[in-house]
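Working notes for the structure below.
The values are calculated or read from the model by the stated rules, or taken from the named source; none is laboratory data. Computed from a predicted structure; not experimentally measured. All Cβ positions, glycine included, derive from the backbone under ideal geometry; neighbour counts span all protein chains shown.
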């Protein structure tokens with residue numbers, strides 16, 4: 001029986017130590033501490049009884065002592081559970097208070113990268129150190145699909161061969177400097193340096209306004225057709241781009257030099273490929289040592305013919321060796337075999353106010369035989385209007401780099 005007695009005493013001693021640690025917890029209230037004290041006293045008494053018991057104590061005596069100690073354990077366990085529950089409830093209440101405080105508050109998307117944390121990462125200097133940047137996107141809402149409608153128009157046709165930049169001025173002064181006489185030269189010691197004379201010229205380009213209005217769009221149509229608003233807006237923006245392209249065409253045609261590449265002269269094979277070579281070379285000669293992309297614009301039919309160019313035997317003739325580094329522009333506002341070729345660096349668009357679409361409600365005018373019979377606010381007629389508008393200036397700073405003509409005319413010019 002001695003063996004069983006030792007086991008029971010060891011178990012009770014272990015539980016007594018556990019109760020003493022439990023009593024130290026700050027989360028216990030006075031009532032719970034009293035229960036733990038009772039449990040400690042009961043276990044202490046049980047150990048004293050075991051010490052007084054004879055080695056030949058019966059199993060019934062050991063069970064009675066252990067049962068009494070178990071009741072004390074149960075009481076202390078209840079006290080511990082109550083303390084844990086109270087602590088958990090306090091944490092939940094604190095968390096709930098934070099949540100309620102944050103309801104309705106503005107949320108921001110923030111990101112933070114700590115280099116200090118990165119440097120302190122485990123591993124030697126030669127090892128890879130991982131890092132992370134925390135991003136708070138709680139303000140984002142889930143979407144099935146996000147549609148970004150294009151507001152600022154894209155350049156089309158000839159206008160696509162212009163350099164585009166912004167300006168905060170309503171007019172641009174275009175200044176050129178041409179050499180009148182003289183040139184730099186090698187000068188001997190004590191020799192007189194040559195005089196170089198330049199003549200400056202200045203012109204002013206004013207900002208133009210491009211605009212158009214679509215009137216009388218029924219509000220019911222916009223409500224019943226969710227995509228109609230975007231479609232009308234995009235069509236109107238296209239019309240704005242078309243007006244801009246017309247202005248670009250008019251500008252280049254007005255300042256362009258007619259084909260007349262005397263340095264290129266005549267060609268032993270005066271076909272369309274030779275004509276392209278002469279056209280592009282005239283622009284390169286005008287550029288001199290200056291660097292700029294070269295643009296060549298023709299209609300789609302003319303480009304299709306050139307890409308399927310053949311000799312009299314039907315053998316295909318490639319033109320890529322001529323136009324490989326040229327910016328090919330398709331513009332069907334150019335008719336027949338007319339072309340425009342220019343250095344992009346010197347054809348500019350300065351945007352003062354970028355193209356924008358504005359919806360508004362204006363007035364509805366009813367006319368009969370040219371006479372106004374009624375004028376209503378579009379609020380009364382359930383209609384809306386759309387205005388597209390932009391303000392910009394188009395100009396060329398060196399018109400010698402712009403060449404115009406027809407492919408057939410150039411072929412005639414280079415024929416021996």
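For the stretch 401-416, filtering for residues that are crowded, with 17+ Cβ neighbours inside 10 Å and either out of contact with any strand residue (DSSP E or B) (no Cβ under 6 Å at 6 or more places or on another chain) or not in a helix (DSSP H, G or I) (or both) leaves 9. Scan the stretch 271-280 residue by residue and report those that are more than 9 Å from residue 410 (Cβ to Cβ) and in contact with a strand residue (DSSP E or B) (Cβ under 9 Å, 6 or more places away or on another chain). Matches in the stretch 271-280: 277, 280.
Among the conditions (1) at negative phi; (2) surrounded by fewer than 17 Cβ atoms within 10 Å (Cβ to Cβ); (3) part of a loop (DSSP other than H, G, I, E, B); (4) touching a residue at least 60 places away in the same chain (Cβ under 8 Å), residue 336 misses just one, which is (1).
Assess whether residue 254 counts as being exposed (fewer than 12 other Cβ atoms within 10 Å of the Cβ) and closer than 30 Å to residue 408 by Cα.
yes
Taking the stretch 167-223 as the region of interest, the strands (runs of 3 or more DSSP E) fully inside it that hold 3 or more residues being modelled with pLDDT under 90 and closer than 30 Å to residue 353 by Cα are 171-181, 197-206.
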